[in-house]
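The values are calculated or read from the model by the stated rules, or taken from the named source; none is laboratory data. Nothing here was measured: the structure is a model prediction, and the numbers come from that model. Note that we place each Cβ from the backbone using ideal geometry, even for glycine, and neighbour counts take in every protein chain shown.
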Amino acid sequence: MYSQPWCDALNQGPLKRLIRKVIGAPSDLRTPDERFRDEALPHLPAVTRFAFSLTRDESDAEDLVQETYLRAFRAWDQFVQGSECRAWLFTICRHTYFRTSHREQRVVAYEDAELEALGAAALHTAAQADGLDDVFSRTEVMEAIRAAVDALPDPFREVVVLVDLEEQSYEDAARVLEIPKGTVRSRLFRGRRLLQERLIEHARDAGFARATQADVTEEET
Amino acid sequence: MMTEMLDCDSVMRQLWDFLDGELTPDREKAIRAHLAVCNRCHPQHDFEQSFLRALSASRREPLRPDAIKARVLAVLRAEGFAA
C-alpha cells in the first residue's frame with residue numbers, strides 16, 4: 001500500500017543500507033508504511049486510553065482502537081506530516097465512536113470559564129476550613145479521582161481526559177473536539193470544578209476532614 | 001520592561017491557564033511575581049497544582065497492551081501494511 005516504484009527501489013535491502021550509510025537515513029526515504037509504524041503506532045497506548053474514556057468498557061475500547069487504526073492507515077496519505085499525530089488519531093477515534101455508537105454529541109449551555117475558576121477558589125477556602133488542603137496528595141483519593149472522572153458528563157469528561165490526562169494543549173483539544181478553544185477552556189474549568197466538589201465531598205465522607213475549632217469547642221463544653 | 005501588576009481576583013481567574021502553560025510569557029511572569037508575595041493566592045496555587053498532579057497520576061493504563069497491539073497489527077497487515 002502507498003508504495004511507489006522509486007521509493008520501493010530505494011528501500012530494497014542492500015541499496016537501502018548503502019544509501020542510508022552514505023546520506024544518514026533521512027526520514028524522506030521511509031515508505032509511508034514505515035512512517036505509519038514510526039509515527040502512528042507508538043500512540044497505541046494513548047489511543048487505547050482515550051477509546052476507553054469514550055466507551056468505558058475494555059472490550060468496546062479494543063474494537064474502537066482497531067477500527068481507529070484501520071481508518072487511520074487508510075487515510076494516512078491525508079495526514080499532514082509534521083502535525084500532531086496523536087491529536088489526529090484522537091480525532092479519528094472520536095469520529096469512529098460517534099459514528100458506530102450512534103450517540104448524539106451533547107450540546108452544553110454556555111459557561112463562563114472565569115466564574116468556574118473563581119468557584120474553584122471558593123472550594124479551596126472551604127477545603128482549608130476542613131483541614132483538607134492536602135487532600136489531593138493522599139494516595140487514598142486515586143480511585144475516587146478515577147470514579148469522579150468516569151462520572152463526569154461527556155462534554156466535560158472529554159476535555160478533562162484530553163488536557164489533564166493526555167496532556168493535549170487547549171488548541172489540540174479544540175481540534176480533536178471540533179469546538180472553539182474558548183469552549184475547551186470553559187468546559188475544562190467546569191469539569192475540574194465538578195471533580196473538586198465531588199472529591200472534597202468524598203474526603204469529608206471518608207473522614208479525612210479534621211474537626212473544626214467549633215466542633216472541638218462544642219465537645220469540650 | 002516592567003512586570004504588570006495584578007490583583008488577587010485577576011490571578012485567581014487565570015490560575016488554571018497559568019498552570020496549563022497557556023498564558024503569554026509576560027502574563028505568566030506577572031502571575032509568578034504576584035504568587036511570590038501573596039499569602040492568599042500562593043496556597044490556592046499549591047492546592048490547584050496538587051489537584052492537577054493527582055488527576056494526571058490517576059491515568060489508567062491499558063490492561064492488555066500487547067494483545068491490543070497484536071490485534072491492530074493483524075488488521076493492518078490484512079490491509080497491506082508492510083513495515
Worksheet entry | Single match in A:A75, A:A40 (criterion: surrounded by fewer than 14 Cβ atoms within 10 Å (Cβ to Cβ) and modelled with pLDDT of 90 or more) | A:A75
Worksheet entry | Candidate set: the range B:49-60, residues that are within 7 Å of chain A (Cβ to nearest Cβ) and among the charged types (D, E, K, R); chosen: the one surrounded by the fewest Cβ atoms within 10 Å (Cβ to Cβ) | B:R60
Worksheet item: Just to be sure, is B:A30 facing chain A (nearest Cβ under 10 Å), small (G, A, S) and either more than 20 Å from the chain's Cα centre (by Cα) or surrounded by 14 or more Cβ atoms within 10 Å (Cβ to Cβ) (or both)?
Response: no
Item to complete: Find the residue count for the range A:54-85, including only residues that are in a helix (DSSP H, G or I) and either among the hydroxyl-bearing types (S, T, Y) or more than 9 Å from chain B (Cβ to nearest Cβ) (or both).
Response: 14
Item to complete: Report, by residue number, each residue of the range A:152-172 that is outside any helix (DSSP H, G or I), within 12 Å of chain B (Cβ to nearest Cβ) and surrounded by fewer than 18 Cβ atoms within 10 Å (Cβ to Cβ).
Response: A:E167, A:S169
Item to complete: May I ask you to list the residues in the range B:1-39 that are touching a Leu at 6+ places or on another chain (Cβ under 8 Å) and of a type in the set (K, R)?
Response: B:R13
Fill in: Selected residue (criterion: surrounded by the fewest Cβ atoms within 10 Å (Cβ to Cβ)) from residues of the range A:182-200 that are touching an Asp or Glu at 6+ places or on another chain (Cβ under 6 Å) and charged (D, E, K, R)
A:R193
Fill in: Residues of the range A:173-186 classified as in a helix (DSSP H, G or I) and more than 12 Å from chain B (Cβ to nearest Cβ), total
4
Worksheet entry | Close pairs from the range A:141-170: first closer than 17 Å to A:K181 by Cα, partner assigned to a loop (DSSP other than H, G, I, E, B), Cβ under 6 Å, at least 6 apart | A:P155/A:R106; A:P155/A:V108; A:L162/A:Q168; A:Y170/B:E22
Worksheet item: Among the residues of the range A:80-95, how many are within 14 Å of the chain's Cα centre (by Cα) and among the β-branched types (V, I, T)?
Response: 2
Practice prompt. Quickly run through the range A:108-129 and pick out the residues that are within 10 Å of chain B (Cβ to nearest Cβ) and farther than 29 Å from A:I179 by Cβ.
Written response: A:T125, A:A127, A:Q128
Worksheet item: If you check B:A67 against the conditions, is it surrounded by fewer than 16 Cβ atoms within 10 Å (Cβ to Cβ), under 27 Å from A:F52 (Cα atoms) and hydrophobic (A, V, I, L, M, F, W, C)?
Response: yes
Item to complete: Among the residues of the range B:31-83, write down those that are closer than 30 Å to B:V11 by Cβ and in a loop (DSSP other than H, G, I, E, B).
Response: B:C38, B:N39, B:R40, B:S58, B:R59
Practice prompt. State whether one or more residues within the range A:130-149 are closer than 20 Å to B:G21 by Cβ, part of a helix (DSSP H, G or I) and within 11 Å of chain B (Cβ to nearest Cβ).
Written response: yes
Discussion item. For the range B:4-17, check the following and say yes or no: at least one residue is charged (D, E, K, R), more than 13 Å from chain A (Cβ to nearest Cβ), in a helix (DSSP H, G or I) and without any contact (Cβ under 8 Å) to a residue 12 or more places away in the chain.
Written reply: no
